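The block underneath contains the structure these notes are about, expressed in structure tokens.
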Amino acid sequence: MQLDLFDTADLQQSEGSDKGESQRDEIYALRKELNEANYRYYVLNEPTLSDRDFDLKMRRLQDLEALHPELADSNSPSRRVGSDLSAKSGFRQLAHKRPMLSLANTYSEGEIRDWYERVAKDISYQPEIVCELKYDGLSISLWYEKGELVHALTRGDGTRGDDVLDNVKTIGSIPWEAGKDSPLKGDFEIRGEILLPWQNFDRLNKEREEQEEALFANPRNAASGTLKLQDPRIVASRGLEAYLYYLLADDVPYSTHWESLQAAKAMGFHVSEAIRVCHNIGEIMDFISYWDRERKNLPVATDGIVLKVNDLGLQRQLGYTAKTPRWAIAYKFQAEKQLTLLRKITYQVGRTGVVTPVANLEPVQLSGTTVQRATLHNEDFILQLGIREGDRVWVEKGGEIIPKITGKEATAGSDTGPAFRFISHCPECGTALVRIEDQAAWRCPNESGCPPQQKGRIEHYVARKAMNIEGLGSETIDLFYERGLTRNIADLYDLRQEDILRLEGFQQKATQNILDGIERSKEVPWSRVLFALGIRYVGETTAKKLARRFGSIDELRKATSEELAQVEDVGVQIAESIRQYFANEENQRLTERLRAAGVQLANREEEQAGGSDKLAGLSIVISGTFAHHSRDEYKELIERHGGKNTGSVSKNTSFILAGDNMGPAKLEKARKLGVRIVSEEEFLSMTGENI
Ligand code: IVH
């Protein structure tokens, strides 16, 4: 079903008639659907409607409500801003000093013209309009008192928000102190948008995919999920960014919005450069079309342009409606989309055995690239859209890089092909697929015999954070696999120089590099080996915790579910996964071969003995690049000596272990807070470790 522009022809008052009744039903249905969509978007962070569909439905609701004032309801979603407040958020909720409203928005250039003309008519001259990018993240309100950042509130329900101060403080470009020497004397509020830049979003989703965690649909969801985390260290590691666009105070000492943004910039805030004061509708349209083209080159997601009356006095004169200011409006970009033929649905088996359906399309041009494949996610997605091979489908590139199918064209002649049915057997190894309870995914259960799963396990095993074996990229792993050299991780330890040299393109040096890497992997400590085994749900941190509690693979194998569950973060699901892993005979053979090859399947005595409490109670931040050990090794050293490694500098930081090229923002923060900087060498002598 393609949810496109609504037909407005039936929008006429028709009280009492069938049409009136059906419009009433439609109002109720839309209210229910939009309330549900708001909840999913703001609270669960799992949007079900695209922004465009949401906006169109909201518009339809507003139009219908205007026709039926007798059905007015102050609880209608058209009267409220969506709420991200959740009962169990764990954050302190505070009332906003000034309500946080949203903006009227439109996808139509005509309506932008109308808005400008209306404002101009109201005041009898053409006002200056500041055009800005509409950042697609989540809004934040920062409060400064006497120059100090004291609160950071999410929009919440517009009147109250969650105070996510500690998380916001991890964002490098947000100053902890600002504006003391400005005319505002440090007492003001500034609003803006928190975003996760594309690059960090891609990295995060890649990591989540490796850990079999649900992926974020887009950077906005990722940013909002991140800001609601309870651990600022994880927030810091994700790399959020902020753009500020609205300065507020009891008495703003500037006469225009433009001036206030310049003042914000001078106070040290990150204000976008993509701002222009426009003097007429032509300049406004130029700005819109320029950024509609250029926005794909920006580091963060944008979904439109915001137009604001520049003169603050005029803003006050124009005032507000119940939900939005009259002095501003947002123009939203069209997501580019095209109709094309769905030729065939094929299936891909991932490293973890999940089978993903893929749409093979008749090639079509979209935002300057040719698209011929798009993910169909899973069985439910296909069934919901009701698509089958031979349909003409809509392909869309919205905020996301990966094109998606958003619907099909319903025409006579469609729906005649065979109904869609998900495949029943793995396309790679022929094993019958199983559907995971409570999940939409089908999975191939043949973990140890299905080629992409076997290759994936080897890839995971050699990865930097696991056994760190260099020279084995995914192409080499594929090649070794196809040639029968390595079918599983234990085969790596049987590789001989002559086997590799026989392959095309492998010289002595590259070959030796691989073999050296494999040899060195025998020194990797048990905790990382445990992670490298790729037991489902056992990520890096869980592996560490398990290895600390169970000093060897034999102890872990013998552990009961209750004993496993005593380890922090280990729940029923992880315990069951570990049990299943060891129950599998193939895995038993594999780990015995690893043991025979000399891989560390137990903590070494010196590792267990090497600990101390020299760093007990200390909170240590690692920053920069190091000469003697890797960052991960320093992290381990800190923990081994009783310290805690934290992600961001705060007043609780005991010291910073600093290598070369420490980031200037961290350095500045450390200086301000008087946090001590400790060199690599100092740290090693402090803990009695060797260089
Ligand atoms: S001004 C009273 N400027 O869009 C109006 N908002 O749909 C204050 N947004 O809640 C908002 N970029 O989260 C403004 N340059 C920009 C913006 C922007 C993104 C967001 C903001 C707001 C939403 C409204």
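The values are calculated or read from the model by the stated rules, or taken from the named source; none is laboratory data. What you see is a predicted model, and the numbers here were worked out from it, not measured in a lab. Neighbour counts run over all protein chains shown; Cβ positions are idealised from the backbone, glycine included.
Overview of results
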{"quantity": "Residue match in segment 239-247 (condition: away from the ligand (no atom under 16 Å from the Cβ) and farther than 30 Å from G534 by Cα)", "calculated": "no"}
{"quantity": "Long-range neighbours under 6 Å by Cβ, at least six apart or interchain, first residue touching a residue at least 24 places away in the same chain (Cβ under 8 Å) within segment 325-352, second β-branched (V, I, T) and within 16 Å of the ligand (Cβ to nearest atom)", "calculated": "W327/V309; A330/V306; Y331/I112; Y331/I288; Y331/I305"}
{"quantity": "Filtered residues of segment 276-298 (kept if in contact with a Ser or Thr (Cβ under 7 Å, 6 or more places away or on another chain) and more than 16 Å from the ligand (Cβ to nearest atom))", "calculated": "K296"}
{"quantity": "Flag if L314 is within 15 Å of the ligand (Cβ to nearest atom), surrounded by fewer than 20 Cβ atoms within 10 Å (Cβ to Cβ) and outside any loop (DSSP other than H, G, I, E, B)", "calculated": "yes"}
{"quantity": "Residues being at pLDDT below 80 and aliphatic (A, V, I, L, M) - total across segment 70-93", "calculated": "3"}
{"quantity": "Among the residues listed as V355, V364, the single one being away from the ligand (no atom under 16 Å from the Cβ) and buried (at least 19 other Cβ atoms within 10 Å of the Cβ)", "calculated": "V355"}
{"quantity": "Inter-residue pairs, beta-carbon under 8 Å, first without any contact (Cβ under 8 Å) to a residue 12 or more places away in the chain and in segment 59-80, second assigned to a helix (DSSP H, G or I), 6+ apart", "calculated": "A72/E65"}
{"quantity": "Test: residue in segment 142-151 that is surrounded by 15 or more Cβ atoms within 10 Å (Cβ to Cβ) and either within 12 Å of the ligand (Cβ to nearest atom) or under 26 Å from T321 (Cβ atoms) (or both)", "calculated": "yes"}
{"quantity": "Test: residue in segment 508-522 that is modelled with pLDDT under 95 and outside any helix (DSSP H, G or I)", "calculated": "no"}
{"quantity": "All positions within segment 667-691 that are surrounded by 18 or more Cβ atoms within 10 Å (Cβ to Cβ) and more than 17 Å from R631 (Cβ to Cβ)", "calculated": "K669, A670, V675"}
{"quantity": "Options G172, G186, G158: the member that is within 16 Å of the ligand (Cβ to nearest atom), surrounded by fewer than 23 Cβ atoms within 10 Å (Cβ to Cβ), assigned to a loop (DSSP other than H, G, I, E, B) and not hydroxyl-bearing (S, T, Y)", "calculated": "G158"}
{"quantity": "Tally, over segment 455-493, of residues that are out of contact with any Ser or Thr (no Cβ under 7 Å at 6 or more places or on another chain), farther than 22 Å from E540 by Cβ and part of a helix (DSSP H, G or I)", "calculated": "8"}
{"quantity": "Subset of segment 261-275 [within 16 Å of the ligand (Cβ to nearest atom), surrounded by fewer than 22 Cβ atoms within 10 Å (Cβ to Cβ) and either small (G, A, S) or within 18 Å of M100 (Cα to Cα) (or both)]", "calculated": "S272, A274"}
{"quantity": "Lone qualifier among L229, L244 - being over 28 Å from S577 (Cα atoms) and either of a type in the set (V, I, T) or more than 10 Å from the chain's Cα centre (by Cα) (or both)", "calculated": "L244"}
{"quantity": "Enumerated strands (runs of 3 or more DSSP E) restricted to segment 321-396, each holding at least 2 residues that are of a type in the set (V, I, T)", "calculated": "336-349, 354-366, 369-375"}
{"quantity": "Test for L103: is it under 22 Å from V309 (Cβ atoms), in contact with a Ser or Thr (Cβ under 6 Å, 6 or more places away or on another chain), within 16 Å of the ligand (Cβ to nearest atom) and not small (G, A, S)", "calculated": "yes"}
{"quantity": "Leading residue by the ranking (nearest to the chain's Cα centre (by Cα)) among those in segment 189-201 that are within 16 Å of the ligand (Cβ to nearest atom) and hydrophobic (A, V, I, L, M, F, W, C)", "calculated": "L196"}
{"quantity": "Filtered residues of segment 108-132 (kept if within 13 Å of the ligand (Cβ to nearest atom) and either under 11 Å from Y331 (Cβ atoms) or not hydrophobic (A, V, I, L, M, F, W, C) (or both))", "calculated": "C131, E132"}
{"quantity": "From N297, N310, residue being out of contact with any Lys or Arg (no Cβ under 8 Å at 6 or more places or on another chain), among the polar types (S, T, N, Q) and modelled with pLDDT of 95 or more", "calculated": "N310"}
{"quantity": "Residue count for segment 545-563, restricted to those that are part of a helix (DSSP H, G or I) and either surrounded by fewer than 21 Cβ atoms within 10 Å (Cβ to Cβ) or of a type in the set (G, A, S) (or both)", "calculated": "11"}
{"quantity": "Among the residues listed as K323, K344, K308, the single one being surrounded by 14 or more Cβ atoms within 10 Å (Cβ to Cβ) and in contact with a strand residue (DSSP E or B) (Cβ under 9 Å, 6 or more places away or on another chain)", "calculated": "K308"}
{"quantity": "Pair list, Cβ under 7 Å, 6 or more apart: segment 267-294 residue in a helix (DSSP H, G or I), other residue among the β-branched types (V, I, T) and within 16 Å of the ligand (Cβ to nearest atom)", "calculated": "I284/I112; I284/I129; F287/I305; I288/I305; W291/I305"}
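Matching residues to (1) within 16 Å of the ligand (Cβ to nearest atom); (2) without any contact (Cβ under 8 Å) to a residue 24 or more places away in the chain; (3) not aromatic (F, W, Y):
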position	(1), (2), (3)
N205	no, yes, yes
F216	no, yes, no
I234	no, no, yes
V252	yes, no, yes
